[in-house]
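Here the structure is laid out as structure tokens; the discussion comes afterwards.
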Amino acid sequence: MIFSGEIHPFRLPVPSLWIDLLQKVKALGFNACSFYVDWALLEGKPGEFRADGVFDLQPFFDAATKAGIYLIARPGPYINAEVSGGGFPGWLQRNRGSLRTVAPDFLNATDFYMSNIAKIIAQNQITNGGPIILIQPENEYTNAEPFIPFPDGSYMEYVMKQSRDAGVVVPFISNDASAAGHNAPGTGEGEVDIYGHDGYPLGFDCAHPTVWPANNLPTTYRSLHLKQSPTTPYSIVEFQGGSFDPWGGWGFDQCSELVNHEFERVFYKNNYAAGVTIYNLYMIFGGTNWGNLGHPGGYTSYDYGSVIKEDRTVTREKYSELKLQATFLVSSPGYLTATPGNSSTSIYSDNPDITVTPVLGNTTDDASFFIVRHTNYSSFASTQYRLKLPTSKGTLTVPQLNQSLSLNGRDSKVVVTDYDIQGSKLLYSTADVFTHVKQENHTVLILYAGAGENNEFAIQGSTGGEVKKISGGTSFQATSSNSSDYITVNWTASSEGYILQIGSGLYVYLLDRNTAYNYWATDIANTTSKLIINGPYLVRSASIDADELHIKADFNATTKVEILGVPETVSKLFINGKETPTETAGLAKVANVSITAPSFTVPKLSDLDWKYIDSLPEITTGFDDSAWPSADKTSTDNTYQYLRTPVSTYASDYGFHTGVLVYRGHFNATGYETTFALWQSGGTGFAASIWVDDYLLSSYGGNPANESFQGKYDVTGPGFKAGTEHVFTVVVENMGLNEDHGFDEEKAPRGILGWRLATSKATNTPISWKLTGNLGGEDYLDRARGPLNEGGLFAERQGFHLPGTPTADWESHSPLEGIGAPGVGFYSATFDLNLPSAEWDIPLSFSFTNNTATSGIYRAQLYVNGWQYGKIASNIGPQTVFPVPEGILNYNGSNYVGISLWALEAGGAKIPALELVAGVPVWTSRETVELVESPPYNKREGAY
């Protein structure tokens with residue numbers, strides 16, 4: 001089975017931390033990761049492919065090999081992924097061909113990127129010794145305009161040929177956005193090798209995290225697979241692992257509650273019932289939309305409510321639940337050859353409120369799996385039932401030693417029959433199996449259930465038939481069957497747990513689920529053996545060197561560590577390189593790991609020596625914009641929005657695709673001007689401000705439902721005199737380009753889309769526009785941080801967000817004091833950190849207090865050592881806490897922080913409070929974190 005989780009390396013721009021993520025995925029019991037590649041980050045200018053620095057994928061491939069993780073490559077050219085343009089670079093807005101079609105100019109535009117990225121993938125595919133085992137051409141090719149052929153096999157064929165021509169030989173796997181069968185094997189031109197599809201059954205309603213809509217549990221996956229692609233492994237290439245959250249949303253903690261551990265139990269086990277054998281969860285780690293890389297429907301965090309949080313911690317219960325499931329599947333090769341059957345409320349259960357779906361072994365001696373759930377899958381009820389299980393000993397009604405079983409609300413179980421445990425047979429178990437391993441001269445089996453649940457199992461085989469309690473309470477009973485060739489044990493799960501010895505060589509651990517969460521099944525490097533380790537926050541690896549056992553593990557508290565399966569030749573234990581005394585307790589070696597949290601301090605940001613500079617000098621009298629690009633294109637190649645004005649003011653027509661846009665509109669007044677109408681677009685949630693000379697005409701505070709805004713403003717107040725020159729200064733926030741779902745939405749232009757300066761004479765006063773975004777546009781200056789990191793604010797154009805900026809002559813002023821008038825201020829400060837990061841993983845976050853009643857309505861950007869790591873919308877939210885990883889932050893040295901503060905209202909704005917917050921330190925065995933290249937300030941030639 002390929003059990004995979006989605007990680008986007010570009011959402012954590014610290015390559016030395018990628019192995020930390022991959023080891024945490026490996027520790028779950030997974031064997032693969034899927035990853036997208038964001039074209040927009042690698043070809044910011046047509047014909048210039050740059051995959052170096054933090055955009056170099058080779059360290060990710062090397063980390064996967066080291067961690068023992070296979071990779072599924074998803075290079076696009078289209079990826080979706082909630083990134084700007086769905087991964088399409090902004091310059092495609094000037095491509096006249098329909099995107100994601102066989103339009104020649106579109107296909108030609110993809111060739112350079114695909115030839116380069118596919119070559120990199122080919123060099124790292126498994127046939128060349130790399131970790132990549134599958135490649136997905138395109139992504140969710142499921143919809144198109146009604147007048148465009150769809151699905152167009154020639155389009156998919158072209159995309160696949162791009163990879164084949166670059167040397168890719170591993171299979172192609174598709175990802176249909178719904179199980180529609182597009183491009184499945186046997187469909188002709190454009191068919192892939194393995195058909196796969198998406199599944200997001202709960203949707204994305206984080207506002208109501210306890211609501212599971214009726215009829216959303218997929219029950220047709222198996223039948224659709226048999227209809228669409230019966231000769232290939234059943235593949236779900238994206239199944240819901242969390243939820244995105246838009247501007248104005250409810251925050252990712254609620255998204256994590258929506259797609260929580262209960263969701264995993266019910267929905268994931270339902271997928272096992274359908275026979276999935278290539279299975280990828282989206283996301284396993286979400287990361288951060290740093291540097292404007294997100295699309296308009298999402299804010300800086302891309303935590304996604306994932307199993308691994310944005311700060312890389314694994315404290316969500318869903319991580320532990322997923323570890324139980326994945327480890328079970330690793331331990332159950334019989335699942336791969338069993339055949340899914342039809343669900344029933346009567347064949348296997350005596351209660352119609354319980355639905356059972358069988359996955360049946362090919363013979364009565366092979367393992368079978370019965371997925372048990374509530375018929376009303378969203379039920380909160382605790383339901384009593386009995387099971388009728390076909391086994392090699394005939395159909396048995398269980399439990400045999402008690403009245404009934406119980407299934408708690410929003411839970412599901414995998415009941416096994418005729419299940420091999422290292423040569424013995426588990427005739428049945430109504431509790432879930434965690435794992436079983438052969439260790440020296442005995443076997444360990446671990447079963448678990450919810451606290452207080454009654455469960456039963458039966459063991460068949462040469463075990464001797466005797467049950468002996470090694471430890472635990474008295475709430476279990478055991479008996480032999482009449483034929484005396486299997487033994488039945490009935491037990492109630494409790495936090496105390498039980499260890500039973502059955503016969504001479506089988507030890508059964510009976511745990512409640514929360515206790516089982518603390519167990520890890522870990523390979524011993526370069527052997528076929530495993531250890532079972534109880535206790536640590538995380539177990540990364542185990543190896544043996546002569547008589548020494550070396551374990552790499554993480555701890556967030558003093559912990560008793562129990563290790564099962566230590567070879568008799570081992571006499572010494574080393575945890576994270578430190579020799580640790582042990583004692584023997586039953587089967588286990590036991591060690592006590594004492595943790596004392598390190599002493600450290602983080603600076604109080606309010607006490608820093610903040611410096612301030614005006615970042616909207618454009619509204620001052622006499623500002624010189626002669627070096628700015630002129631909006632002089634009398635036509636546009638953008639086919640999404642036809643031109644309504646004498647010249648185009650679409651930002652991407654001039655090479656500006658990201659961040660804040662600034663316009664300067666010059667006009668000579670006639671004295672009769674009455675209204676100024678302006679149509680602006682920045683994507684959902686965008687803000688905008690309009691000045692006439694130095695007077696704020698209006699601001700638009702933004703709305704998560706609107707990607708554009710049309711306003712008409714009275715300009716009789718300024719009293720323009722005939723023959724005088726004036727300037728409109730317009731600031732438009734570009735929230736990113738739209739994703740493209742087959743309808744050219746990526747081309748929706750940003751900036752000013754239309755204008756009219758009307759007069760009382762029924763004429764219009766001409767306006768001559770200039771515009772800017774990031775300095776250089778597609779010839780972006782900061783190659784280390786990439787084409788999306790900067791916008792068009794004055795401080796960004798000058799490079800003042802970069803460390804080393806000379807601020808001695810700036811005004812001393814704090815963002816907590818703010819600015820008293822509408823405009824944009826830029827604040828910077830430096831601080832030192834001295835954290836014990838060699839041994840401790842200490843998450844750090846910048847926490848903003850938000851209170852529009854006292855702070856005013858504003859937009860802000862957070863820069864850390866030159867990397868844009870936060871965008872705040874005070875009146876929309878929801879994000880106020882911004883994790884910044886080590887590697888971007890220098891944990892043992894100087895750091896530079898910059899904040900742009902854009903006050904949208906007449907009264908100005910301020911940030912009420914700002915703190916640097918440290919999370920719980922974890923004593924870690926991760927590899928050393930290296931600082932990423934963060935080029936400092938140098939005066940920018942040609943900056944305006």
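The values are calculated or read from the model by the stated rules, or taken from the named source; none is laboratory data. Since this is a predicted model, take the numbers as computed values, not measurements. Cβ sites come from the backbone with ideal geometry, for glycine too, and all protein chains shown count toward neighbours. Keep in mind that these areas ignore ligands, DNA and RNA; they rest on the heavy atoms of the full protein, side chains included. Shrake-Rupley method; radii C 1.70, N 1.55, O 1.52, S 1.80 Å.
Take the Cβ atoms of LYS560 and THR479, set R0 to 30 Å, and the FRET efficiency comes out at 0.30. Taking Cα atoms only, the orientation of helix 153-165 departs from the longest principal axis of the chain by about 80 degrees.
The spacing between region 311-357 and region 486-550, judged by their C-alpha centroids, is 20 Å. Most simply put, region 31-170 has about 10% antiparallel DSSP beta bridges, counting only bridges with both residues inside it. Protection proxy ranking for 598-607, 302-311, 638-647, using the average of other Cβ atoms within 10 Å per residue and placing the highest first: 302-311, 638-647, 598-607.
A straight Cα-to-Cα reach below 18 Å connects LYS269 with the lysines LYS318, LYS323, LYS413, residues fewer than 8 places away in its own chain not being considered. Here the label points at ALA762 and SER495, each 7 Å from Cα along the C-beta direction, are separated by 8.4 nm in the simple model. The listed residues ARG750, ARG940, once ranked by accessible area (1.4 Å probe) with the largest placed first, stand as ARG940, ARG750. In this structure region 239-392 gives 27 Å² per residue of accessible area when probed at 1.4 Å with all protein chains present.
Counting only protein chain heavy atoms and rolling a 1.4 Å probe, the accessible areas of VAL444, VAL727 rank, largest first, as VAL727, VAL444. For LYS604, list the lysines whose Cα falls under 29 Å from its own Cα; do not include residues on the same chain fewer than 8 positions away. Those lysines meeting the cut-off are LYS309, LYS871, LYS910. Net length available on complete extension from SER626 to ASN128 is 173.8 nm, with 0.36 nm assigned per residue and the Cα-Cα distance removed. Note on Kirkwood radius over Cα pairs in Å: of the candidates [x] 30.0; [y] 32.4; [z] 31.5, the value calculated from this structure sits at [x]. A simple spin-label model places the labels of ASP193 and ARG164 1.2 nm from each other, with each point 7 Å out along Cα-to-Cβ. Restricting attention to region 457-576, the count of lysine pairs at 8 or more positions apart or across chains with alpha carbons under 23 Å apart stands at 7. Residues in region 907-916 carry Karplus couplings, in order, of x, x, 6, 8, 9, x, 7, 8, 9, 9 Hz; the curve used is 6.51 cos²θ - 1.76 cosθ + 1.60 with θ = phi - 60°, and Gly or Pro positions show x.
The gain in end-to-end length when the GLU930 to GLN422 segment is fully stretched comes to 178.5 nm, 0.36 nm per residue minus the alpha carbon separation.
The lysines within cross-link reach of LYS761, meaning a Cα-to-Cα straight distance under 21 Å and a gap of 8 or more places when in the same chain, are LYS712, LYS721. Counting only heavy atoms of the protein chains and using a 1.4 Å probe, ARG164 has close to 90 Å² of accessible surface. Taking only Cα atoms, what is the 0 to 90° angle, nearest 10, from helix 104-123's long axis to the longest principal axis of the chain? Result, in degrees: 40. Any idea what angle helix 18-27 forms with the longest principal axis of the chain, computed on alpha-carbon atoms, 0 to 90 degrees, nearest 10? The answer is roughly 30 degrees. Protection proxy ranking, highest mean first, for peptides 123-132, 76-85: 76-85, 123-132, where packing is the per-residue count of other beta-carbon atoms within 10 Å, averaged.
Using the average count of surrounding beta-carbon atoms within 10 Å as a protection proxy, the listed peptides 505-512, 106-113 rank, highest first, as 505-512, 106-113. Extension gain, THR527 to ALA943: 0.36 nm times the residue separation minus the Cα-Cα distance gives 143.8 nm.
Put simply, the C-alpha atoms of region 875-944 give a gyration tensor, and the ellipsoid matching it has half-axes of 30, 23, 10 Å, longest first.
Taking the chain, the Cys residues with no second Cys beta-carbon under 4.7 angstrom are CYS33.
Spacing of the modelled spin labels on TYR695 and ASP111, each 7 Å from Cα toward Cβ, amounts to 5.6 nm.
Helical content of the chain, expressed as a calculated mean residue ellipticity at 222 nm, amounts to -3000 deg cm²/dmol (DSSP H runs of 4 or more residues, -39,500 (n - 2.57) each, divided by residue number, nearest 500).
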